Amino acid sequence: MRAPGVVHHGTRRRRAAYRRVLLSGAEVLVTVGVVLLLLVAHQLWWTNRQARHGAERKVQALEREWEWGTPDTGTSGPGAGTSGSGTGASGSGGSGDGATGSEEGGGGRPVGRSALSGSAVDSGRTGPRRSQAYAVLGIPRLSLRVPVAEGVSKGGVLDKGYAGHYTDTQQPGQAGNFALAGHRNTHGEPFRYLPRLRRGDTITVETKAAVYTYTVDRTLPRTSARDVGVIRPVPRSTVRPSYGYTQPGYYITLTTCTPEYTSRYRMVVWGKLTSVRPR
């Protein structure tokens, strides 16, 4: 029999091995934690900073081009967004007509069907190239001014902090639905505060030809990411049919993901064209 309290060399070696394993595991966990924190910081801070600065420069380049006629030779591009929750004051749905009244907003002329047939509407111009930035979206309530680019690809458009134009929808000022997507979180998150919009808020779209003012009319707080009805020429949700319109008109649609930091659902804001001001 061995004497009590005697520790053999084999036992000491096993304990030392256990300690090495525990220390190695702890080092791996710390390393993984640091890497994850860096990734989170990159997504939540660096991508926002980079995209916002790039979007601001593109807005300035477009404004110079329109003022002086000097084309921007830099690479342009914009992508589906992350979205927001929130209930619009007019999100109760029901039918609605187009922008056929005589309202006036943004210092432009009254909008009716006859007014919209004028030269300020870009209905006959050649469409922009894929990922080309060609307009500026402004939302005064959100202190937002970002480029609008053709398409909703992530790498080419959305991840640059731009609003992306759904290519199968109409262009600014055209009869039908001018539909846009934008990120709610990361990469500039231009639509982060979209839930703050209320009925009567204004949205401007500036192009080389004109400034189009839309007025927020309705909000769909949440719908499926596959609800294509919200961007049709007469926008109406196929998931929640009480939200949308039944009559042709001149609409704008803003879409983004909801809830925050997910892309499971979409939030939708609709507006009607109320003024056109030629440049």
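The values are calculated or read from the model by the stated rules, or taken from the named source; none is laboratory data. Values in this document were obtained by computation on a predicted structure and should not be read as measured data. In this analysis, Cβ positions are derived from the backbone assuming ideal geometry, glycine residues included, and neighbour counts consider all displayed protein chains.
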Pair list, Cβ < 6 Å and 6+ apart or interchain, from the range 194-222 residues that are over 15 Å from PRO140 (Cβ atoms) and among the hydroxyl-bearing types (Ser, Thr, Tyr) to residues that are at pLDDT 95 or above and buried (at least 22 other Cβ atoms within 10 Å of the Cβ): THR207/ALA135; THR207/PRO172; THR219/VAL269
Scan of the range 220-279 for residues that are out of contact with any Phe, Trp or Tyr (no Cβ under 6 Å at 6 or more places or on another chain), closer than 22 Å to ASP159 by Cα, among the β-branched types (Val, Ile, Thr) and in a strand (DSSP E or B), ordered by number: THR255, VAL268, VAL269
GLU206 vs. criteria among the acidic types (Asp, Glu), in contact with an Asp or Glu (Cβ under 9 Å, 6 or more places away or on another chain) and within 28 Å of GLU56 (Cβ to Cβ): yes
Count of residues meeting criterion [farther than 25 Å from ARG141 by Cβ and over 17 Å from the mean Cα position of the chain (by Cα)] in the range 225-235: 4
So VAL205, is it over 17 Å from THR258 (Cα atoms) and touching a Lys or Arg at 6+ places or on another chain (Cβ under 6 Å): no
Residue tally, condition among the polar types (S, T, N, Q) and in a loop (DSSP other than H, G, I, E, B), over the range 176-198: 2
Unique match (being under 24 Å from ALA61 (Cα atoms) and either touching a strand residue (DSSP E or B) at 6+ places or on another chain (Cβ under 6 Å) or surrounded by fewer than 24 Cβ atoms within 10 Å (Cβ to Cβ) (or both)) among PRO190, PRO195: PRO190
Unmet requirement for ARG218, which otherwise passes all of (1) crowded, with 23+ Cβ neighbours inside 10 Å; (2) touching a helix residue (DSSP H, G or I) at 6+ places or on another chain (Cβ under 9 Å); (3) among the charged types (D, E, K, R): (2)
Criterion (out of contact with any helix residue (DSSP H, G or I) (no Cβ under 9 Å at 6 or more places or on another chain) and either of a type in the set (Lys, Arg) or at positive phi (or both)) met by exactly one of ARG232, ARG236, ARG279, ARG266: ARG232
Exclusive hit being more than 19 Å from the chain's Cα centre (by Cα) and basic (Lys, Arg), set ARG222, ARG240: ARG240
